[in-house]
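The values are calculated or read from the model by the stated rules, or taken from the named source; none is laboratory data. Computed from a predicted model, the values in this text were never measured in an experiment. Counting neighbours? That spans all protein chains shown, and the Cβs are built from the backbone with ideal geometry, glycine included. SASA here: full protein model, heavy atoms, side chains in, ligands and nucleic acids out. Shrake-Rupley method; radii C 1.70, N 1.55, O 1.52, S 1.80 Å.
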Amino acid sequence: MSRRPQVGIIVGSTRPVRVGRPVADEIATLIEAAGGDAVMLDLAEIALPLLDEALPPASGVRSQPHSVAWAERIDALDGVVFLTPDYNSGYPAALKNAIDYLKAEWVDLPAVVVSYGWSGGASAAAQLTAVLSYIGLDLQGEGVRMPFQPTDFDDAMRMVDASAFVARSAEPLRAAVAQLVEVSAQAERTAA
Ligand SMILES: Cc1cc2nc3c(=O)[nH]c(=O)nc-3n(C[C@H](O)[C@H](O)[C@H](O)COP(=O)(O)O)c2cc1C
């Protein structure tokens with residue numbers, strides 16, 4: 001029997017209070033419902049230092065245990081969701097750092113970009129898409145943009161209800177995740 005595709009969610013924001021993680025948890029539920037196994041890759045928990053390898057990632061040579069562990073986690077995936085906020089019209093430094101650690105592990109990996117922000121994170125998504133295309137990931141569709149509304153936040157700028165926020169983008173998210181899970185199942189990058 002074929003195993004379920006392993007679909008990662010890379011949580012690009014690392015702030016102690018953030019929208020990213022609850023949104024990622026909702027996306028994990030959609031991946032599971034679409035027939036994949038959701039693999040949470042929360043950059044706040046993984047806590048990669050700023051790239052500290054002597055040789056460039058394309059060399060495949062890694063000296064640091066955290067680099068080896070990160071490479072193994074990505075290599076074990078059949079597909080991946082990049083979840084990014086919009087920070088000053090770009091995507092977070094922690095996410096770029098995590099991407100820059102690797103090369104071969106990314107190539108041909110089916111991927112979807114999901115972004116959020118006041119304009120749906122469009123600027124971050126555009127930048128991230130350009131970088132992922134350059135590296136050679138197998139980007140699926142246009143991705144999903146999730147725009148905030150003022151009522152999403154309380155007076156302290158904390159998101160009131162992440163589920164309701166995600167629910168507004170439920171259909172495009174469900175469609176993008178379903179396509180990613182399907183392509184990931186076909187990709188079978190790792191042993192079945
Ligand atoms: C450093 C920083 C820069 C931001 N710049 C933008 C921006 O350019 N456009 C935007 O729509 N929101 C911007 N915001 C607001 C974020 O979209 C909002 O805080 C969101 O919750 C950030 O995602 P996170 O909570 O997962 O970190 C910025 C927030 C931070 C912390």
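The numbered conditions (1) surrounded by fewer than 19 Cβ atoms within 10 Å (Cβ to Cβ); (2) within 11 Å of the ligand (Cβ to nearest atom) are all true for Thr84 except (1).
Please specify each residue of the stretch 26-48 satisfying the condition of being open to solvent by 50 Å² or more (accessible area, probe 1.4 Å) and part of a loop (DSSP other than H, G, I, E, B). Across the stretch 26-48, the qualifying residue is only Ala47.
Checking each residue in the stretch 49-76 for being touching a Leu at 6+ places or on another chain (Cβ under 7 Å), open to solvent by 30 Å² or more (accessible area, probe 1.4 Å) and closer than 19 Å to Val7 by Cα picks out only Arg73.
I want to confirm something. Restricting to the stretch 55-86 and keeping residues that are part of a strand (DSSP E or B) and not small (Gly, Ala, Ser), which single residue is farthest from Trp106 (Cα to Cα)? Selected residue: Pro85.
Mind listing whichever residues of the stretch 3-32 are more than 25 Å from Asp152 (Cα to Cα) and touching a residue at least 24 places away in the same chain (Cβ under 8 Å)? Residues satisfying the conditions are Arg3, Arg4, Pro5, Gln6, Val7, Gly8.
Quick test for you: out of Ala124, Ala94, Ala111, Ala162, pick the one residue that is touching a strand residue (DSSP E or B) at 6+ places or on another chain (Cβ under 8 Å) and within 16 Å of the ligand (Cβ to nearest atom). Answer to the check: Ala124. Condition test on Phe153, is it in contact with a helix residue (DSSP H, G or I) (Cβ under 8 Å, 6 or more places away or on another chain), within 13 Å of the ligand (Cβ to nearest atom) and not β-branched (Val, Ile, Thr)? No: the conditions fail for Phe153.
Being of a type in the set (A, V, I, L, M) and over 25 Å from Leu55 (Cβ atoms) holds for only one residue in Ala156, Ala98, and it is Ala156. Assess whether Thr129 counts as being away from the ligand (no atom under 16 Å from the Cβ), among the hydroxyl-bearing types (Ser, Thr, Tyr) and over 21 Å from Gly60 (Cβ atoms). Against the criterion (away from the ligand (no atom under 16 Å from the Cβ), among the hydroxyl-bearing types (Ser, Thr, Tyr) and over 21 Å from Gly60 (Cβ atoms)), Thr129 qualifies.
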